[in-house]
Each structure stands twice: as structure tokens, then as C-alpha cells.
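**Q** Just passing along the structure, written as C-alpha cells.
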Amino acid sequence: MFKMKFLTVVIIAGSAGMFGQSNNVQNAWNYLRSKDLDKAKAAIDLAAVHEDTKSKPKMFLYRAEVYMAIMDTKEDKFKNLDPDAAEKCFAAVINCLKTDKDETFKDDLKPQNLLVRSAVSVYNQCIIMENDRQFDKALHYTAMLYDALPFDKDDAVKHQNITK
């Protein structure tokens, strides 16, 4: 009897943990829609490191959208939420495209033009680092930009003068 109760508790706890991370992805989306960027960031960051959700295209899509919102915000309380928002947004867009084998989320990236907008932000960071003579960081951003080129099917990134 004790073993059955114990087994039931273990199964329920394990399921709650698994669904909890899926819930973090959904919570991030809900917080983003309600403009609670700090809570959206916290939820998506938890999902980004958890084994069950860290390689899911949907998590990458929502992560890109959260970090784009952080980059675009005009609210003082959220402006400095993450100094690496451009890099994280761009990486999430690229990872979404890489992991979305069925191209389920490809169309979700287009209305906001997340690939182009995040690439331009990373390019701007590259220029800032170059002007500050932080060449290692500038090279890092340049290498990141090369990752975008295979996914630039309609040459939108190329039209922003981001080419090899």
C-alpha cells in the first residue's frame, strides 16, 4: 500500500515538473501579452535552461519575442532588463529556425520580421563594439550574423547591407 502511494506521488511530481516547464513557456507568452516584461523574461529564461523545453522551437520563438520586446520597450523599468537582449533575441530566432524541422513556427517569425530586426540589432552592437575597440566582441557579433544568412530566403537581411 505504501509503495503504491509513494509511486503515485512520484509520478504526479514528475508530471508536474514536466508540465511546469511547458507552463513557463506559456506563462512567458501571457506575461508578454500583458506587458509584464520582467515576468516574461523570468519565465522564458527558466524554460530556456530546462531539459524538457530548452530545445523546443516554440520556446525559442517566445524567447525571441520576449527579448525583442525588451529591446523595443520605452518603459524605464524594463529598458535595462538585459544588456544582452539583442544577442539573446537573435540567437533565439536562429535556434527557432534551426530546430523547427516541420517549419511550424516559420510564419510566426515573419509578421514581426524577427530575423531582420534582430540581425540589425546585432549588427549595431557589432559597430558599437568596433568603435569602442572591443574587437573580440565585434568578431563574436560578426560570426553570429553569418548564422542568419542561410535563413535569409527573401534577402531581407541582405537588403539591410548585412552580407559576408
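The values are calculated or read from the model by the stated rules, or taken from the named source; none is laboratory data. Owing to the predicted nature of the structure, the values given are computational and were not obtained by experimental measurement. Positions of Cβ are backbone-derived with ideal geometry, glycine not excepted, and every protein chain shown enters the neighbour counts. Areas reflect the complete protein model, heavy atoms only, side chains present, ligands, DNA and RNA absent. Shrake-Rupley method; radii C 1.70, N 1.55, O 1.52, S 1.80 Å.
**Q** If you take just the helices (runs of 4 or more DSSP H) that sit entirely in segment 87-164, which of them hold at least 1 residues that are at pLDDT 90 or above and among the hydroxyl-bearing types (S, T, Y)?
**A** Hits in segment 87-164: 114-131, 135-148.
**Q** Can you tell which of D102, D147, D84 is exposed (fewer than 14 other Cβ atoms within 10 Å of the Cβ) and farther than 17 Å from A40 by Cβ?
**A** Result of the check over D102, D147, D84: D102.
**Q** Within segment 39-68, which residues are assigned to a helix (DSSP H, G or I) and open to solvent by 70 Å² or more (accessible area, probe 1.4 Å)?
**A** Passing the criteria: K39, L46, V49, K58.
**Q** Here is a follow-up. How many residues, within segment 88-100, are over 9 Å from the mean Cα position of the chain (by Cα) and either of a type in the set (G, A, S) or more than 16 Å from K153 (Cα to Cα) (or both)?
**A** 1
**Q** Still on this model: Within segment 28-38, can one find any residue that is open to solvent by less than 60 Å² (accessible area, probe 1.4 Å), part of a helix (DSSP H, G or I) and of a type outside the set (A, V, I, L, M)?
**A** For segment 28-38, residues open to solvent by less than 60 Å² (accessible area, probe 1.4 Å), part of a helix (DSSP H, G or I) and of a type outside the set (A, V, I, L, M): absent.
**Q** Working carefully through the options N95, N124, find the one that is open to solvent by 70 Å² or more (accessible area, probe 1.4 Å) and either in contact with a strand residue (DSSP E or B) (Cβ under 7 Å, 6 or more places away or on another chain) or of a type in the set (S, T, N, Q) (or both).
**A** That would be N124, the only listed residue that is open to solvent by 70 Å² or more (accessible area, probe 1.4 Å) and either in contact with a strand residue (DSSP E or B) (Cβ under 7 Å, 6 or more places away or on another chain) or of a type in the set (S, T, N, Q) (or both).
Let's see how each residue does on (1) under 27 Å from D38 (Cα atoms); (2) charged (D, E, K, R); (3) touching a Lys or Arg at 6+ places or on another chain (Cβ under 7 Å):
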residue	(1), (2), (3)
A86	yes, no, no
E103	no, yes, no
I127	no, no, no
D132	no, yes, no
A156	no, no, no
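**Q** Also, I was wondering about something else. Tell me which residues, restricted to segment 69-81, are among the aliphatic types (A, V, I, L, M), open to solvent by 10 Å² or more (accessible area, probe 1.4 Å) and assigned to a helix (DSSP H, G or I).
**A** Of everything in segment 69-81, those that are among the aliphatic types (A, V, I, L, M), open to solvent by 10 Å² or more (accessible area, probe 1.4 Å) and assigned to a helix (DSSP H, G or I) turn out to be A69, M71.
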